[in-house]
1. Considering segment 164-179 alone, what residues qualify as being open to solvent by 50 Å² or more (accessible area, probe 1.4 Å) and either in contact with a Ser or Thr (Cβ under 7 Å, 6 or more places away or on another chain) or in a loop (DSSP other than H, G, I, E, B) (or both)?
2. Are there any pairs, at least 6 apart or on different chains, whose C-beta atoms fall under 9 Å, with the first in segment 11-31 and assigned to a helix (DSSP H, G or I) and the second β-branched (Val, Ile, Thr) and crowded, with 16+ Cβ neighbours inside 10 Å, and if so, which?
3. Residue under question is Thr209, and the condition is that it be outside any helix (DSSP H, G or I), modelled with pLDDT of 95 or more, of a type in the set (Val, Ile, Thr) and open to solvent by 20 Å² or more (accessible area, probe 1.4 Å); does it hold?
4. Return yes or no: is Glu86 modelled with pLDDT under 90 and under 29 Å from Phe217 (Cβ atoms)?
5. Taking interchain pairs and intrachain pairs at least six residues apart, which have beta carbon atoms under 6 angstrom, with the first residue in segment 180-194 and more than 18 Å from Gly72 (Cβ to Cβ) and open to solvent by less than 20 Å² (accessible area, probe 1.4 Å) and the second assigned to a helix (DSSP H, G or I) and not aliphatic (A, V, I, L, M)?
6. I'd like the full set of residues that are of a type in the set (Val, Ile, Thr) and outside any loop (DSSP other than H, G, I, E, B), limited to segment 56-110.
7. Go through segment 15-46 and give me each residue that's under 18 Å from the mean Cα position of the chain (by Cα) and either open to solvent by less than 50 Å² (accessible area, probe 1.4 Å) or polar (S, T, N, Q) (or both).
Amino acid sequence: MDVTTALKTRISTRAFKPDPLPESLIREILDTARWSPSGGNVQPWKVIALAGAARQAIVDLAKPALMANPAGEEGERPIYPEALWEPHRSYRYKVGEDLYGKLGIPREDKGGRLTWLLKNYEFFGAPNALFFVIDKRMGHGQWAHLGMFMQSIALAAQERGVATCMQECWARLRDTLHAHFALPEHELVYCGMALGYADPEAEVNTLRTDRAEVDAFTTFKGF
């Protein structure tokens, strides 16, 4: 699979088969992704890879933690800026409505939407998961490099027939996860990623998000 195909076929998979990935395959994906760009070769990432009981332990702690603190634990680094502006607000709104449209959950069904939202914290049934950890002392540039590393993982996985879903939702449990993983004070859980084999029968996996055309975000000069 070439890079262009991997980019255009990768999606946020939200329904997985239960078949676990072997450790050797996850190691292979990470071994490929470690060559991702890194300014100054700082490599500002740490990864926690989960399977089996270790993965289930995260699922088990998630819902009680969310109920105990519905406001979340995002801290000084929220998932989205407050009062998101246009056109980004509309982009986000549309993908949410498109998703619930695929699922057949209307806007007025608040309970149904909440039930689906909580599937995030079950990794959408994925048998494996990664968590990404960064040092709080790192700057904005290093956060960008962590994102490049995550995309490299997703593309390397796609090449191997492994589906992924990057999950910023886990930022809502940063303090809980920090304690669970016994991380040093200066480290922070950025987000998670679900991994596994996609369920080809799930309607939700047919969702393809829109993207703005090149001219909407690019200014060409000197051509």
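1. Hit for segment 164-179 is Met166, nothing else.
2. Going by the 9 Å Cβ cut-off, the qualifying pairs are Leu25/Val162; Ile26/Val162; Ile29/Ile153; Ile29/Val162; Leu30/Val47; Leu30/Ile153.
3. It is false that Thr209 is outside any helix (DSSP H, G or I), modelled with pLDDT of 95 or more, of a type in the set (Val, Ile, Thr) and open to solvent by 20 Å² or more (accessible area, probe 1.4 Å).
4. Against the criterion (modelled with pLDDT under 90 and under 29 Å from Phe217 (Cβ atoms)), Glu86 does not qualify.
5. Close Cβ pairs satisfying both conditions: Ala194/Phe123; Ala194/Phe124.
6. Ile58, Val59, Val95
7. Once the filter is applied, which keeps residues that are under 18 Å from the mean Cα position of the chain (by Cα) and either open to solvent by less than 50 Å² (accessible area, probe 1.4 Å) or polar (S, T, N, Q) (or both), segment 15-46 yields Ala15, Phe16, Leu21, Ile26, Ile29, Leu30, Ala33, Ser36, Pro44, Trp45.
Residue-by-condition table, conditions (1) hydroxyl-bearing (Ser, Thr, Tyr); (2) touching a residue at least 12 places away in the same chain (Cβ under 8 Å):
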{"residue": "Tyr91", "(1), (2)": "yes, yes"}
{"residue": "Asp98", "(1), (2)": "no, yes"}
{"residue": "Leu103", "(1), (2)": "no, yes"}
{"residue": "Leu114", "(1), (2)": "no, no"}
{"residue": "Phe131", "(1), (2)": "no, yes"}
{"residue": "Gly147", "(1), (2)": "no, no"}
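The values are calculated or read from the model by the stated rules, or taken from the named source; none is laboratory data. Since this is a predicted model, take the numbers as computed values, not measurements. Note that we place each Cβ from the backbone using ideal geometry, even for glycine, and neighbour counts take in every protein chain shown. Remember, those area values only see protein heavy atoms, side chains included, never the ligands or the DNA or RNA. Shrake-Rupley method; radii C 1.70, N 1.55, O 1.52, S 1.80 Å.
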